[in-house]
Amino acid sequence: MTVLSAAAAAAAALSGAGAEFAAADPGGTGSASRIDDLYQQAERATQAYDAAQEQQQRVRAELATLQDRSARTQQRVNELRDELGVLAASQYRSGGIDPSLDLLLSDDPDDYLDRLSVLDRIGGQQAGRLHELRAAQRALHQERVQAAGKLTELGHAGTALRQRKQAVQQALGSAQRLLDALPPAVRAGWRPDADQRASRDRVLPDLPDLPAPSGRAALAVAAARRVLGAPYVWGATGPNAFDCSGLMLYAYRQAGIALPRTSQEQMNAGQRVPLDGIRPGDLVIYRADASHVAMYVGGGMVIHAPYPGARVRYDPIGMMPVTAVTRP
């Protein structure tokens, strides 16, 4: 929630501030820097949104499994009750109620069964069925308790998802208002992360022009290249739109490799390699908070989904400071 709170607070503080920035900063340089900050906050919030979405899907799947198991257990309980009813009816005498039928109709079968004297008065077949019924009823109760817990967890996940969505929208909305308030010449030349380019801080090593390290990595590169020009849509994993980590997830899925959902998780989803040992298909993680990811394609270039309003494209690997290189 820390990233969410920071993104939401920053977005709220800057909401509607475009005119104020334009007046205080007629050249637009300060506003451009603030826009850049907001885009970074939006990207961090997008990765938090992706994580919340993944959690919601996981909890929903777990709930479905529990509900299916509970339905099967309920069916078994019903079958056992039917079997015991038949057995009890066959022993019905003199208008009385057989103890096993009394047990079947009891509001508290566990309490009744705890009276061990009853077991001396019913047949072995009935005793086995009654023990099985008791076990099935206990399992059914436990499954229902677990399902109720999952329903609560699913509600929390849905709330988190809505909050993260709101944080992304607020940050992007504030950035767009500031961008609209820039002088036309400044707006035309604005580019995200222009003040963070790696080339400003250090000289990149000579990168080897080598093939992909595996057939699957080559397939992932080909898959990413096939969607060149697709729009950036936060939370999207293809096949027609992507956010940064969604593009990596999609490309490697086509190669038969399952990557985790967020850029932070993808940073640790494989072997870490030095920058001067990078090969096509390797994931390039950017910024200290690992909030952006791209795929190296060779020749000093990466392919990535840059930011809202842009499309999947190639950029120099040094477009931002590189935090890590991971080979899935």
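The values are calculated or read from the model by the stated rules, or taken from the named source; none is laboratory data. What you see is a predicted model; the values in this text were computed from it and never measured. For neighbour counting, all protein chains shown are included, and Cβ atoms are generated from backbone atoms with ideal geometry for every residue, glycine included. Just so you know, the surface numbers come from the protein's heavy atoms only, side chains and all, with ligands and any DNA or RNA stripped out. Shrake-Rupley method; radii C 1.70, N 1.55, O 1.52, S 1.80 Å.
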Every residue from segment 223-235 that is modelled with pLDDT of 95 or more and buried (at least 16 other Cβ atoms within 10 Å of the Cβ) | Ala223, Ala224, Val227, Ala230
With respect to Tyr307, is the statement that it is modelled with pLDDT of 95 or more, of a type in the set (Ser, Thr, Tyr) and touching a helix residue (DSSP H, G or I) at 6+ places or on another chain (Cβ under 7 Å) true?
-> no
Filtering segment 262-285 down to residues that are out of contact with any Ser or Thr (no Cβ under 8 Å at 6 or more places or on another chain), open to solvent by 10 Å² or more (accessible area, probe 1.4 Å) and aliphatic (A, V, I, L, M) yields Leu275
Does Ala258 satisfy the condition of being open to solvent by less than 40 Å² (accessible area, probe 1.4 Å) and touching a helix residue (DSSP H, G or I) at 6+ places or on another chain (Cβ under 9 Å)?
-> no
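Please pick out the residue among Thr73, Thr46 that is modelled with pLDDT of 80 or more, buried (at least 16 other Cβ atoms within 10 Å of the Cβ) and more than 30 Å from Tyr250 (Cβ to Cβ).
Values: Thr46 fails: more than 30 Å from Tyr250 (Cβ to Cβ).
Among Thr73, Thr46, only Thr73 is modelled with pLDDT of 80 or more, buried (at least 16 other Cβ atoms within 10 Å of the Cβ) and more than 30 Å from Tyr250 (Cβ to Cβ).
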Kindly indicate whether Ser90 is modelled with pLDDT under 85, open to solvent by 100 Å² or more (accessible area, probe 1.4 Å), more than 30 Å from Ala160 (Cβ to Cβ) and of a type in the set (S, T, N, Q).
-> no
Report yes if Ala310 is loosely packed, with under 15 Cβ neighbours inside 10 Å, over 22 Å from Ala241 (Cβ atoms) and aliphatic (A, V, I, L, M), otherwise no.
-> no
Inter-residue pairs, beta-carbon under 8 Å, first more than 15 Å from Val233 (Cα to Cα) and among the β-branched types (Val, Ile, Thr) and in segment 246-271, second open to solvent by 10 Å² or more (accessible area, probe 1.4 Å) and part of a loop (DSSP other than H, G, I, E, B), 6+ apart | Ile257/Pro328
If we scan segment 181-190, do we find a residue that is modelled with pLDDT of 75 or more and buried (at least 17 other Cβ atoms within 10 Å of the Cβ)?
-> yes
Name the one entry in Ala251, Ala324 that is within 22 Å of the chain's Cα centre (by Cα) and either buried (at least 19 other Cβ atoms within 10 Å of the Cβ) or of a type in the set (D, E, K, R) (or both).
-> Ala251
Which residues, taken from segment 149-168, are out of contact with any helix residue (DSSP H, G or I) (no Cβ under 8 Å at 6 or more places or on another chain) and open to solvent by 50 Å² or more (accessible area, probe 1.4 Å)?
-> Thr152, His156, Thr159, Arg162
Failed condition for Val293, given (1) aliphatic (A, V, I, L, M); (2) surrounded by fewer than 16 Cβ atoms within 10 Å (Cβ to Cβ); (3) touching a Cys at 6+ places or on another chain (Cβ under 8 Å) = (2)
Assuming Ala218 fulfils every condition listed in (1) open to solvent by 20 Å² or more (accessible area, probe 1.4 Å); (2) of a type outside the set (S, T, N, Q); (3) free of Cβ contacts under 8 Å to residues at least 24 places away in the same chain apart from one, which condition is it?
-> (3)
